[in-house]
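This report refers to the structure that appears directly beneath it.
The values are calculated or read from the model by the stated rules, or taken from the named source; none is laboratory data. Because the structure is a prediction, the values reported are computed rather than measured. Note that we place each Cβ from the backbone using ideal geometry, even for glycine, and neighbour counts take in every protein chain shown. These accessible areas exclude ligands, DNA and RNA; they are computed on the full protein's heavy atoms, side chains included. Shrake-Rupley method; radii C 1.70, N 1.55, O 1.52, S 1.80 Å.
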Amino acid sequence: MSQKLLLSAKEIDIILHRLACQLIENHTHFKDTVLIGVQPRGTFVADRIKQILVDDYQIEDIKLGYLDITFYRDDFRRGEKPLEANKTHIDFVVEDKRVVFIDDVLYTGRSIRAALTAVQSFGRPLEIELLTLIDRRFSRHLPIQPNYRGRQVDAINQEKVKVQWVENEGEDAVYLMSK
C-alpha cells in the first residue's frame, strides 16, 4: 500500500488556526455555542480547536463535549466483530444552543447522520453546523456538507484518507493511502 503526504504538521496547524478564526467570525463570544467532537477521531480536532480559541484568542468558557455515535450508526450490526463504544462526555444541555459538530474526515456522511440522531438525547439545538478537517467530496452517500472545511480531498476508488495525530500515532499528518 502506498501513501502520499497530503498535509504536514505545519499545514494542519495553519488550517486549524484558520478554522478557529472562521468559528470566531460566526460565533463571536461562544455564549450560546457548544463544540462537540464526534468520537473517536473528531475529539483530537475539537481539542485542538478549543485550545487555539482559548490560548490564542482568549475566548473563555467554551463548552466542549464528546459524542459517541457507535450505536446510532446504520451499519453497527453489519460487522462480524463486536463494536467497541467510546464514552460520550457532554456535561451541558444543547437545548437552544448553536452546536458545532467537529470531525476529522467527512466521507459518506453516515457518521454525521448518526451524530444528528445521538445529540437529540441532550436537547434540541437551535442550529447545528459541521466543521471537518478533511472533506472527501466525491464519496458522499447523504446530502451533508460541512460549514467549515480544512481541506477538500478528491480521493477516488479504494483510496483512503488517514489523519494521524501526535497524541495517538506520534505525528500530525494527513496521508492519502492507495493500494
For the range 121-148, which positions are of a type in the set (A, V, I, L, M, F, W, C) and open to solvent by 70 Å² or more (accessible area, probe 1.4 Å)?
Leu126, Phe138
Going through the range 97-108 one residue at a time, which ones are in a loop (DSSP other than H, G, I, E, B) and crowded, with 18+ Cβ neighbours inside 10 Å?
Lys97, Tyr107
Quick check on Gly123: is it in contact with a Pro (Cβ under 8 Å, 6 or more places away or on another chain), on the phi > 0 side of the Ramachandran plot and either of a type outside the set (Ser, Thr, Tyr) or free of Cβ contacts under 8 Å to residues at least 24 places away in the same chain (or both)?
no
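Which residues, counting only those in the range 38-73, are small (Gly, Ala, Ser) and over 18 Å from Ala9 (Cα atoms)?
Gly65
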Which condition number does Phe101 fail, the rest of (1) modelled with pLDDT under 95; (2) within 12 Å of the chain's Cα centre (by Cα) being met?
(1)
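For (1) surrounded by fewer than 12 Cβ atoms within 10 Å (Cβ to Cβ); (2) in a strand (DSSP E or B); (3) modelled with pLDDT under 95, each residue gets a yes or a no:
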site: Lys81; (1), (2), (3): yes, no, yes
site: Glu95; (1), (2), (3): yes, no, no
site: Leu116; (1), (2), (3): no, no, no
site: Val119; (1), (2), (3): no, no, no
site: Gly150; (1), (2), (3): no, yes, no
site: Ile156; (1), (2), (3): yes, no, yes
site: Val163; (1), (2), (3): no, yes, no
site: Tyr175; (1), (2), (3): no, yes, no
Pick from the range 27-43, criterion open to solvent by 40 Å² or more (accessible area, probe 1.4 Å) and touching a residue at least 40 places away in the same chain (Cβ under 8 Å), ranking: nearest to the chain's Cα centre (by Cα):
Arg41
Identify the single condition in (1) at pLDDT below 95; (2) buried (at least 18 other Cβ atoms within 10 Å of the Cβ); (3) not basic (Lys, Arg) that Gln3 does not satisfy, given that it satisfies every other one.
(2)
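Take the range 47-79 and flag every residue that is of a type in the set (Lys, Arg) and modelled with pLDDT under 85.
The answer is Arg73, Arg77, Arg78.
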Just one of the numbered conditions (1) without any contact (Cβ under 8 Å) to a residue 24 or more places away in the chain; (2) more than 27 Å from Ile24 (Cβ to Cβ) is not true of Gln152; which one?
(2)
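Being under 22 Å from Ile128 (Cβ atoms), among the acidic types (Asp, Glu), open to solvent by 10 Å² or more (accessible area, probe 1.4 Å) and part of a helix (DSSP H, G or I) is true for just one of Asp47, Asp61, Asp13. Which residue is that?
Values: Asp61 fails: part of a helix (DSSP H, G or I); Asp13 fails: under 22 Å from Ile128 (Cβ atoms).
Only one candidate passes the filter, namely Asp47.
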